[in-house]
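Here the structure comes first, spelled out in structure tokens, and everything after it is commentary.
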Amino acid sequence: RRGQGAKAVKIAEDLVKASGGDLAMLNFLGNIKGRLGDNAGMRAVYEQVLAKDPKYRQTIINLSMLDIDEGKFDVARARLAGWVKDNPGDGEAWFQLGALEQRAGQPQQALDHWARAEGLPVRDPRPGLARVSLLLQMPGRVPEGLAAARSLAAKYPEAVPVLMALAQAQLASREPASAVQSLQEASKYAGGDAAAQLQVARMLLAANNTAAARHALAKAQQSAPEDIDVLAMQVEIAARGRDAAG
């Protein structure tokens, strides 16, 4: 974070040596290289881990994510499919399989994988959020997206991203009043999270509720009064207010 990438790599390499090549330390080194943009170095380290233990879970996930980012879908698919065959309860692997299929242009397969992840006894809203987002983008499937969003909100009634996804589905379904209610709930639970409050304010403007947007923005201003995006939104809301008054 402080721009001392070379030092970070050196420390990670020293940890690997001190641990005698411990796989967790090797995986950590690969992660450091990836965060510094050295994808080739990250791949080399991850392949070293899997050469020692082909079933090392975190590296299987990490290397597959790298393959997805680089468009190597067949390789990543084979690796992840092999893993979930032996570990069907691994929600993260199913989630990544869904992300892979979405990137590969196979939306129904993506939805199926995310549904599988949602059905596991693991509290993780990401697969559900991904399903809602994709369904809302697909022609004729907005009603399914709304149903999925409602189901997700029932499981995570205080999760701000879930409430915003529900509001997005309600807006897409031409239910602005319901969307405003969901967004006001999101604002309540977002507290001092300026970024979340700003996003809520934007969505409230999309729902044509300037007063509620102003209220959410006021919460963002309390936490980040000098933030340029907050200030810009303040101007936009003020302009909306003048239009309404005129």
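The values are calculated or read from the model by the stated rules, or taken from the named source; none is laboratory data. Note that the structure is predicted; figures quoted are calculated from it, not measured. Quick reminder, even Gly has a Cβ in these numbers, built from the backbone with ideal geometry, and neighbours come from all protein chains shown. What goes into the accessible areas is simple: the full protein's heavy atoms, side chains included, and nothing from ligands, DNA or RNA. Shrake-Rupley method; radii C 1.70, N 1.55, O 1.52, S 1.80 Å.
GLN108 falls short on exactly one of the conditions (1) within 30 Å of ILE68 (Cα to Cα); (2) in contact with a helix residue (DSSP H, G or I) (Cβ under 7 Å, 6 or more places away or on another chain); (3) of a type outside the set (A, V, I, L, M), and that condition is (2). In segment 185-216, the residue that is farthest from the chain's Cα centre (by Cα) out of those that are among the small types (Gly, Ala, Ser) and over 18 Å from GLU158 (Cβ atoms) is ALA211. Only residues that are open to solvent by less than 30 Å² (accessible area, probe 1.4 Å) and under 15 Å from the mean Cα position of the chain (by Cα) were counted across segment 117-142, and they come to 6.
Let's see how each residue does on (1) touching a Cys at 6+ places or on another chain (Cβ under 8 Å); (2) at pLDDT below 95; (3) not charged (D, E, K, R):
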{"site": "GLU158", "(1), (2), (3)": "no, no, no"}
{"site": "SER182", "(1), (2), (3)": "no, no, yes"}
{"site": "ASP193", "(1), (2), (3)": "no, no, no"}
{"site": "VAL235", "(1), (2), (3)": "no, yes, yes"}
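On the given criteria, is SER182 in contact with a Leu (Cβ under 6 Å, 6 or more places away or on another chain) and among the hydroxyl-bearing types (Ser, Thr, Tyr)?
yes
When TYR189 is tested against (1) out of contact with any Asp or Glu (no Cβ under 8 Å at 6 or more places or on another chain); (2) modelled with pLDDT of 95 or more, exactly one condition is not met: (1).
Does segment 21-34 include one or more residues that are among the charged types (D, E, K, R) and closer than 30 Å to LEU134 by Cβ? No, because not a single residue in segment 21-34 is among the charged types (D, E, K, R) and closer than 30 Å to LEU134 by Cβ.
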